[in-house]
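Novice: Structure provided below as C-alpha cells; questions to follow.
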Amino acid sequence: MAANRLFRSLLLSALALSLGVGCTNAYLQNEGPYEITAVEVIRDDCFLLDATRSSSVKESWDTGELIITGEVVRMNYELMDMQLIGAFLEGGSMDDDGFMLDGSVANASFTTGDGTQCTVEQATVHLEATTQCATQFDGVMRMRYEPRVQQPQCACEVWMRYQAVQGGRSCTIAP
C-alpha cells in the first residue's frame, strides 16, 4: 500500500515537472512592450505615413505588447485597439526566430493623410517578423482597410518595413 502511494506520488511529480518544461519560452524574443517604427514605405494608398519624405523613413507607428505562450505569439496592438495572434515559424533557430501575426477589427475609424474621415467595416493587419535579438524584431507589415459601400475612397493599404524595439534597447545598443 505504501509502495503504491509512493509510486503515485513520484508519477504525479514527474508529470508536473514534464508539464512545466513544456511551458518555458524556447525563443530568444522578449515578451513585453515594443515601440514600432516605420523604416521604409513600400505602399501607402491611405497617405498615413509622411509622403513628403523619401521611401526611407523613421516614423513611430504606435506600440504593441508581445505575449508568447509556447509556439503561440500574441500582440496587443494599440493602433485601433487590435489584438494580433500568430505563431513562430518552423525552421527557425534560437538565433533566427521568425513569427507572423494577424488581426482585424470591425468598424474602425481613421483619417487619411489628405484629411478624409473614414469608417471602415474592417481593418486587418498582417505582420511578419524576424528576431534580431531579445529586444528587437523587424519585418514587413501590411494594413488593409475595407470600407463601407458609401466610402470607396477609403479602400486603401499600407505596406511598410518596420522595426520593433523594446525599451529603447536595439541590438546595436548594449543593455
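The values are calculated or read from the model by the stated rules, or taken from the named source; none is laboratory data. Please read all numbers here as calculations on a predicted model, not as lab measurements. Cβ coordinates were reconstructed from backbone atoms using ideal geometry, including for glycine residues, and neighbour counts include every protein chain displayed.
Novice: Spot the failing condition for E128; the list is (1) among the acidic types (D, E); (2) surrounded by fewer than 16 Cβ atoms within 10 Å (Cβ to Cβ); (3) without any contact (Cβ under 8 Å) to a residue 60 or more places away in the chain, and only one is missed.
Specialist: (2)
Novice: Being touching a residue at least 40 places away in the same chain (Cβ under 8 Å) and loosely packed, with under 15 Cβ neighbours inside 10 Å is true for just one of D81, D114. Which residue is that?
Specialist: Within the list D81, D114, the selection yields D114.
Novice: Within region 68-111, count every residue that is assigned to a strand (DSSP E or B), over 16 Å from C133 (Cα atoms) and either of a type outside the set (D, E) or at pLDDT below 80 (or both).
Specialist: Here the count works out to 24.
Novice: Return the residues of region 147-175 that are part of a strand (DSSP E or B), crowded, with 16+ Cβ neighbours inside 10 Å and not basic (K, R); say none if nothing qualifies.
Specialist: Step one: of region 147-175, the residues part of a strand (DSSP E or B) are 147, 156-165.
Now narrow it down to the ones that are crowded, with 16+ Cβ neighbours inside 10 Å: 147, 156, 158-165.
Hits for region 147-175 are P147, C156, V158, W159, M160, Y162, Q163, A164, V165.
Novice: Identify all residues within region 140-154 that are closer than 15 Å to C118 by Cα and touching a residue at least 12 places away in the same chain (Cβ under 8 Å); write none if there are none. Don't jump to the end; show me each part of the working.
Specialist: Just the residues of region 140-154 that are closer than 15 Å to C118 by Cα, to begin with: 143-154.
Matches in region 140-154: M143, R144, Y145, E146, P147, R148, Q151, Q153, C154.
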